[in-house]
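Here's the structure, in structure tokens; my notes come after.
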Amino acid sequence: MKEKILIMILLLSSFVFGQISSRILMNPVDKRWISMGELSGADGEINAITVQGYYLYAAGSFCGIKNIRAHDIARLHIPSNTWSAIGEEVEGRIFDVAVDSKDNIYIGGWFTIGYNEYGESEFDYILKWNGSKWESLPGRVNEIVYALEIDDFDNLMLAAGSLKRVT
């Protein structure tokens with residue numbers, strides 16, 4: 001956990017005008033500093049960054065990063081310095097990303113998940129990547145989620161938001 005905090009402090013301290021300018025990252029496995037490539041190749045905003053194992057995850061509001069098509073979320077395989085997209089376009093806005101030790105990916109923000117019988121948008125505020133698509137979690141949060149955290153037991157913790165009710 002201390003390594004993740006150190007990595008996040010270093011990444012956030014190098015955040016300049018919506019883009020990462022730093023090119024190094026501590027490898028969480030062997031604690032060596034390695035090149036991570038540039039995040040400045042995103043064609044939009046990067047709102048959140050997290051590291052799990054050999055992957056760095058970047059999420060925000062973008063259509064591509066480092067010459068790959070990736071809607072709003074992508075991951076960098078640190079050893080090979082290779083970016084890849086995660087799933088199809090997320091309709092909405094991502095404010096945070098969290099990944100547990102089983103590589104389950106969660107995003108917080110606001111997302112259109114469908115339409116009711118009157119044609120009105122239905123929203124969700126936390127989604128989970130199931131390996132092939134984004135899905136809602138059981139229960140409901142009724143307002144925008146700005147921050148997520150995974151505890152040491154792989155429990156998803158809602159860290160911040162303008163919540164009125166969680167069911």
Long-range HN-HN contacts of N47 with modeled amide H, under 5 Å: A59, G60, S61
Hz values of 3J(HN,Hα) by residue in the stretch 56-68 - Karplus curve (6.51, -1.76, 1.60), Gly and Pro given as x: 10, 9, 10, 9, x, 9, 8, 10, x, 8, 6, 6, 10
Within-12-Å neighbourhood charge of V97 [Cβ basis; K, R +1; D, E -1]: -2
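Under 12 Å from the Cβ of E45, count the other residues' Cβ atoms, weight Lys and Arg +1, Asp and Glu -1, and hand me the total.
Taking every other residue near E45 into account, the sum is -1.
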Label zone at K133 (point 7 Å along Cα-to-Cβ), backbone N below 15 Å, the stretch 88-112: 88-91, 112
Residue-wise HN-Hα coupling along the stretch 142-155, computed from phi with Karplus coefficients 6.51, -1.76, 1.60 (Hz; x: Gly, Pro): 9, 9, 4, 9, 9, 8, 10, 8, 10, 7, 5, 10, 6, 7
Paramagnetic reach from M157 in the stretch 123-148 [backbone N under 12 Å; point 7 Å along Cα→Cβ]: 148
5 angstrom amide H check on G92, placed H, neighbours 5+ away: T112
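Any read-out appearing in this document is the output of simple, stated calculations on the displayed coordinates, not a laboratory observation. Since the model is a prediction, treat every value here as computed from it, not as a measurement. Note that we place each Cβ from the backbone using ideal geometry, even for glycine, and neighbour counts take in every protein chain shown.
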